[in-house]
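Asker: Here's a structure for you.
The values are calculated or read from the model by the stated rules, or taken from the named source; none is laboratory data. In this text the structure is predicted, and so the values were computed from the model without any measurement. Here Cβ is always computed from backbone atoms with ideal geometry, including for glycine, and neighbour counts include all displayed protein chains.
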Amino acid sequence: SAILEKIGFSDINSNPKHGSIEIPAATSRDRDLIRPELLKLERSLGGLGLLQPSSTYHQFAIGMTGDKMSSSRPETTIFLTEDVATMEKKVKSSFSGGQSTLEEHRRLGGDPDVDVAFQYLRYFFEDDDTALSEVETGYRAGEILTGQMKQICIDKASEYLSHLGEMRQQTAHIVDDFLAEDARL
């Protein structure tokens, strides 16, 4: 409050529960004066001192069938608890952006924007943007076939799920330490 008093506001009501303050004497014009001072204070206390975003943007990942994902329809997604064989079966039968025939695909290329295997690589399994770009370019050019795209996804997903399974086994003995009493098995 000393910072706000320094710039002329002494009537301050804080609400720690909501992490907010009310300054009854301040007008909307004062916001540009107050906000930088509060951000400086937050930074001095070890916080990030960032402005809140005015909006966020999200994109839904498509389901394995090309439609929405749904936990009530297990065939539409890969679950983190699934074994590699189940995941592989789902990816192999997933919706693709490839052409009807091999000749058409080589000539026209595939559409990674609707190809589920590529979308799963993009959102979940491929961290390397350069590698992802190469796969996308190759698929659009018809150099990478649908089956190859799905195999790339399967390989990356297998690696991810295997690592996740190992980590789950390594930490299974401490899970209860983080759960509330009524959530423990």
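Asker: Kindly provide the set of residues from region 73-88 that are of a type in the set (D, E, K, R) and over 20 Å from I144 (Cα atoms), ordered by number. Walk me through it before giving the result.
Answerer: First pass over region 73-88, keeping only residues of a type in the set (D, E, K, R): 73, 75, 82-83, 88.
Selection gives R73, E75, E82, D83.
Asker: So, one more: Can you go through G66, G49 and tell me which one is within 30 Å of S94 (Cα to Cα) and of a type in the set (G, A, S)? Outline the logic, then answer.
Answerer: Numbers: G49 fails: within 30 Å of S94 (Cα to Cα).
None of the other options fit; the residue is G66.
Asker: Also: E75 is checked against (1) loosely packed, with under 12 Cβ neighbours inside 10 Å; (2) assigned to a helix (DSSP H, G or I); (3) at pLDDT 85 or above and fails just one. What number does that condition carry?
Answerer: All conditions pass for E75, except number (1).
Asker: Right, another one. List the helices (runs of 4 or more DSSP H) that sit entirely inside region 89-168 and contain at least 1 residues that are small (G, A, S) and free of Cβ contacts under 8 Å to residues at least 60 places away in the same chain. So that I can check it myself, show each step before the final result.
Answerer: Details: elements: 102-108, 116-120, 129-140.
Filter on region 89-168 gives 116-120, 129-140.
Asker: In this structure, does G165 turn out to be more than 28 Å from D113 (Cα to Cα) and surrounded by 12 or more Cβ atoms within 10 Å (Cβ to Cβ)? Talk me through it step by step, then tell me what you get.
Answerer: On the way: more than 28 Å from D113 (Cα to Cα): yes; surrounded by 12 or more Cβ atoms within 10 Å (Cβ to Cβ): yes.
Against the criterion (more than 28 Å from D113 (Cα to Cα) and surrounded by 12 or more Cβ atoms within 10 Å (Cβ to Cβ)), G165 qualifies.
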